[in-house]
Every structure is written in structure tokens, then in C-alpha cells.
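Data first, discussion second: the structure below is written as C-alpha cells.
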Amino acid sequence: MSAPEVVISGIGQSAVGRKLPQSGLELTIDASLEAIADAGLTTQDIDGVATFPGFRPDMQPFSPVGSIDIKEALDLKLDWFCGALEGSAQLGAIINAYAAIKAGLARHVLCFRTVKEGSGGASWQESATARAERVRVGGEFQYIFPYDAISATNWLSLYAQRHFSLYGTTREQLGQIALTARRGAMDNPKALFRDPMTMDDYLSARMISSPLGLLDCDAPTDASTVIILSAADAAAGSPKPAIRIDSVGGGIHGRAGWDQADMPDMAAFDAGRMLWSRTDYKPEDVDLALLYDGFSFLAMTWLEALGFCGRGEGGAFVEGGHRIARDGALPLNPHGGQLSGGRTHGFGFVHEAVLQLRGEAGARQVAKNPQVAAVSNGGGPMAGAMLLVRD
Amino acid sequence: MSQGYQRSLPLLDDLNRFYWTSGKDGVLRMLRCQSCGHWQHPPRPVCPKCLGRKLEPDTLSGKGKVFSFTVNAKSWGPGLEVPYVIGIVMLDEQDGLQLTTNLRDVAPEDVKIGMPVEVFFEKDEDVWLPMFRPTMQAASA
Ligand SMILES: [Zn+2]
């Protein structure tokens, strides 16, 4: 028996916002029930759960809900489940579920990412280290934190600065990614930031860690996003068109330390190579790109890593913003990404890709009837990518 | 005793103690494979190039070049003074032998990728943190 095709059969998302009254588990239940209904399933059909990164008692705003919590809440009967921080970034949960279905370990896997960072304690690194008492750290971060390189903004700025220096990339080019996100968010009722943004607004926003300013950074939020993966034959009766996972990419070949990489190279390039090695599609076949933009520079990196332009050409590719606009050759993050939509942390890109491929994206629907979408998550040593196809 | 921000410090153990205390005599040391000569940082108990298990701390010149940098402008906690420069320095001894540091004795706007720098140490409790500054030109008139 050959391995089944794997499709996204259902999607769901809770309310998205700051200081939402619901708990992380309540948000997860909202998103799960919406996704299960969207797939035409019942809770008793779900036989797998996958989440990133699993319950983290030490950093609950970052991950307040684990696989067991939703299993218990909905009385799921699971044959397979996992929650892991290590893997192909946030998409690792979905890629694990894809593998589990391919292996026949489960038929319908509920994948979720839940965050309560919009309710405070957003940046766990920052809250853990920027304080008036001495902290001793082990592991990789012992080589980074003592230099007050506390925030992910610092770690990624080092990649961005080298990109600027090697390739002549500019703040104005990076700004096009933020502006494009904002234009999309203006047509997304769930987006966090919906006021118009100009290049002047972008350039005059305060610097955080050069060359990245405030509007290069996404914003913490409360949200739960659920993606249901099914074996294609088991989803044959779904009310919505199935979105097939054509290819996945993850892994890492280069140095894995945040400060050990051959900057500006990241694991994203390894994910990109793997993704294209497993499909007959080519970058030019992609109609729509949902690329991780926890920082604007990461979306630029993904454009290069997935081969939409050459290495170092990300700045020129986004110049002027036309190519990546909703009506451009490669629409980028039409929902506003995380930059303007809020840090739903990876899964929001998958959710939007499915809406767009189904033609359900409303006012922000890209017009060209997209059939192939590239989705990516992560930065630095963490990277995952998928090619989604509506056959 | 400062009431304000306290930088994090490394948790010393048998593998990293030599590195974090190397500055006691003003010299930067990293693990070096005794079989093939490969420098290994951060410290690990095996050489990734030849899989040799005999690695010993060895002396480096302390000279390198700025591989990348960022000027941090946001204060991440009360009392953390800004701006400060975070750098990645690639050491002269080996391509890819690099570390995070702070770049000192240089105005943030004067830092450039490729700039030659040299190590000095800043003692904090039982730790000597390797810091870097522009290389002194011994021959300068
Ligand atoms: Zn060796």
C-alpha cells in the first residue's frame, strides 16, 4: 500500500487580539471546533494532534496549551500526538503530522499553535533576562546573552546588517515588505494594525537594533490557529476543496547556532533546497507566497531561500513593492503577515494560504485564482516550508 | 551594587570554564583538535571535522574582523544603557570561527563590517567576558 496523499481538510482561528479575556485553552477550543466543522468532521474523527512547541510551563504566554490539554478538553481518541520545540520551526508540527499520516499512524491530525503573548510577558527571552537580578544561563545562549544580545531583534539584525553590507540592501527596500503587509491588513478585519502606513512612517519609526526598526518587527498577540491534516481518501467527503500538501522542506545543514551561521545564510536555504527537491513544481509556478515575517528581513530571506529571486537579490525583488502587491506577480502575505496582522506565530500563514487557495479571502482575495502557494515559517536555525496546491 | 540592569552571565561547568576564565591572563583560548588542528567553538567534546576526541584549550591571537554588527537602541530593561554595539567577530585563525561580543572603544557610527579588531576582557564576578575593540596600530606614528 503506497503512502496516502495528505491534504489540509479544515482550518480554524480564534479571535485575534491583545489582552483577550479567553484563556489559551478557550482560544484553542474555539479554533479547533471551527476547523473540525470546516473539515466536515466530528471530534471523534480526530485521531492525531500536533502542536508547536508543546506546553511550556516556564514561558506560558509563548505556549499556554499542550497537546494533552486539547485532547482532554475535547475527549479526543488519539493514536498519535506530539508537541515539540525542536524541528522545522513552527511548521515542524504540521510536517510531523504530514509524516504521521504518510506512515499510516493517523488519518485526521489536528495541528495547532496558540499564543497569549498579547496579554503580557510577550518576549520570553526579554522577560527572562532583562531584569535587575543576576541570571546565569547555560547552553547556546550563554555565548549570546552576556553581551546584552537579549532579543531576537538583535540576533536577526546581525543577519540583516551583513545582507545590507554584502548586497547593498536598503531600509527603503525592507520597508516595502512592511508597507505591503499593512495594505493587506487594512482589508483583514482580524489584523492588529489597520491604519494606513507610509514609507515616511516606516523610516521614522524608532530604531530597535540597526538596521531593524520598530516597523520591521511583528507584534505579540493572543490567538489560536488550527490546521487539520487528513489522508486524502479520508477527506473525500469534505465540504471544502482539499488543499494538497505537495512538498515539505525543513532540516538544517549549516551551523545551527544563532551566532554561528554563515550570515546572512539561514536554515531557510536548506528548507528551500529540500522543498524543491521533492516536487515537479518550480518557483515560477507559485501564485502566492505566505512567508514568515516575524521580522521584515525574514520574509526577504525566504524570497531568496525559496528561489523567487537569487541570493542577495531580495532587496531588488521587493523594490517599489509592485511584485509583492496583491495584484503583483507574487503576492506576499495578503492578510498582513505578522507585521501588521499580529504574531499568530507561523500557523497564520498556513491559514491564509488555504483561504486564498479556496477563494475565501474576501476583500483581500488575490484576483488571479491562485492554485499554488508557498508557505514558510521560521528564521535563523529554524526553518520549515510547504508547497500547497489546489488540484 | 547596582539597583538596575544586571547582564546575564554564563553558568560555568567543566566544559566551558576554561573559556570563560581564559581572560585571567589576558589571553583568548578555545578548544583545538589535537589530531587535525581544527578550532572548535562553542566547546564540545568531539571534533566535527575528524571526529577526534582529544581537544585541548589552545591560545589564539585574539585578532579578528567584524563579521557583522548591530547597534542596539532599545533598552530591554530598567537600567540597561543604550546604545551599545553587538558584534559577531570572525577570528583570524579559521574561517567560520566566530563569536558574539560587544564592540567597544569605537563610536557606533564608525563600526564597519571587515574592521580589524582585537580582544580584551571584562571581568564580571568569576567570568572574563571577551570583548573586542579596533586593533591598535602598533606602527602608527
Ligand atoms: Zn579534528
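Every number in this text was worked out from the coordinates using simple rules, so none of it is lab data. This structure is a prediction, so every number in the text was calculated from the model and none was measured. Positions of Cβ are backbone-derived with ideal geometry, glycine not excepted, and every protein chain shown enters the neighbour counts.
Worth pointing out:
- Length-normalised contact order for segment B:90-141 - Cα pairs under 8 Å, 6+ apart - percent: 33 percent
- Other residues within the sphere of radius under 11 Å centred on the Cβ of A:Ala160, judged by their own Cβ, net out at +1 (K and R +1, D and E -1).
- Cross-link partners for A:Lys116 among the lysines, with Cα-Cα distance under 26 Å and sequence neighbours closer than 8 places in the same chain left out: A:Lys19, A:Lys71, A:Lys190, B:Lys74.
- A simple rule links phi to the HN-Hα coupling: the Karplus curve 6.51 cos²θ - 1.76 cosθ + 1.60 with θ = phi - 60°, which for segment A:32-47 gives 5, 5, 5, 5, 5, 5, 4, 7, x, 10, 10, 4, 6, 7, 6, 10 Hz, with x for Gly and Pro.
- Aspartates and glutamates with Cα under 15 Å of B:Lys24, excluding same-chain neighbours fewer than 8 positions away: B:Asp58, B:Glu122, B:Asp124, B:Glu125, B:Asp126
- Cα-only radius of gyration and Dmax that characterise segment A:123-266, units Å: 19.9, 58
- Its DSSP H runs of at least 4 residues, each contributing -39,500 (n - 2.57), put the calculated 222 nm mean residue ellipticity of chain B at -500 deg cm²/dmol, to the nearest 500.
- In summary, the convex hull built on the alpha carbon positions of segment B:17-140 has an orientation-averaged projected area of 9.1 nm².
- Candidate lysines - alpha carbon under 17 Å from B:Lys65, same-chain residues fewer than 8 apart omitted: B:Lys112
- Mean sequence separation of contacting Cα pairs (under 8 Å, at least six apart), scaled by the length of chain B, corresponds to a relative contact order of 21 percent.
- Pairwise label distance in nanometres, A:Glu172 with A:Ala3, each label 7 Å out on the Cα-Cβ vector: 4.7 nm
- Label zone at B:Gln94, where the point sits 7 Å out along the Cα-to-Cβ direction: segment B:1-42 residues whose backbone N lies under 19 Å: B:15-23, B:27-42
- The length gained on full extension between A:Leu203 and A:Ala84, counted as 0.36 nm times the residue separation minus their Cα-Cα distance, comes to 39.1 nm.
- Across peptide A:257-264, the average count of Cβ atoms from other chains found within 10 Å of a residue's Cβ is 5.
- Over segment A:299-388 - Rg/Rh using Cα atoms and the Kirkwood inverse-distance radius: 0.93
- Relative contact order for chain A, counting Cα pairs under 8 Å that sit 6 or more residues apart, in percent: 24 percent
- Taking the Cα centre of chain B as origin and assigning +1 to Lys and Arg Cβ atoms and -1 to Asp and Glu Cβ atoms, the resulting dipole is close to 360 debye.
- At 1.306 mPa s and 10 °C, Stokes diffusion of segment B:2-53 via Kirkwood alpha-carbon radius, µm² per second: 124 µm²/s
- Segment A:322-391: trypsin sites (Lys or Arg not before Pro) falling in loop per DSSP and having at most 14 other Cβ within 10 Å: A:Lys368
- Cα Rg, Dmax, the protein assembly as shown, angstrom units: 23.7, 83
- Cα-derived Rg over Rh, computed across segment A:233-332 with Rh taken as Kirkwood radius: 1.03
- Dipole magnitude of the protein assembly as shown, debye to nearest 20 (Cβ charges: Lys/Arg +1, Asp/Glu -1, about Cα centre): 320 debye
- Which of A:Ala223, B:Val46, A:Pro64, positive extreme of dipole for the protein assembly as shown (C-beta unit charges): B:Val46
- Sum of side-chain charges, A:Lys282 neighbourhood, beta-carbon under 14 Å (Lys, Arg +1; Asp, Glu -1): -3
- With a 10 Å cut-off around each Cβ of B:11-19, the average count of Cβ atoms from other chains is 2.
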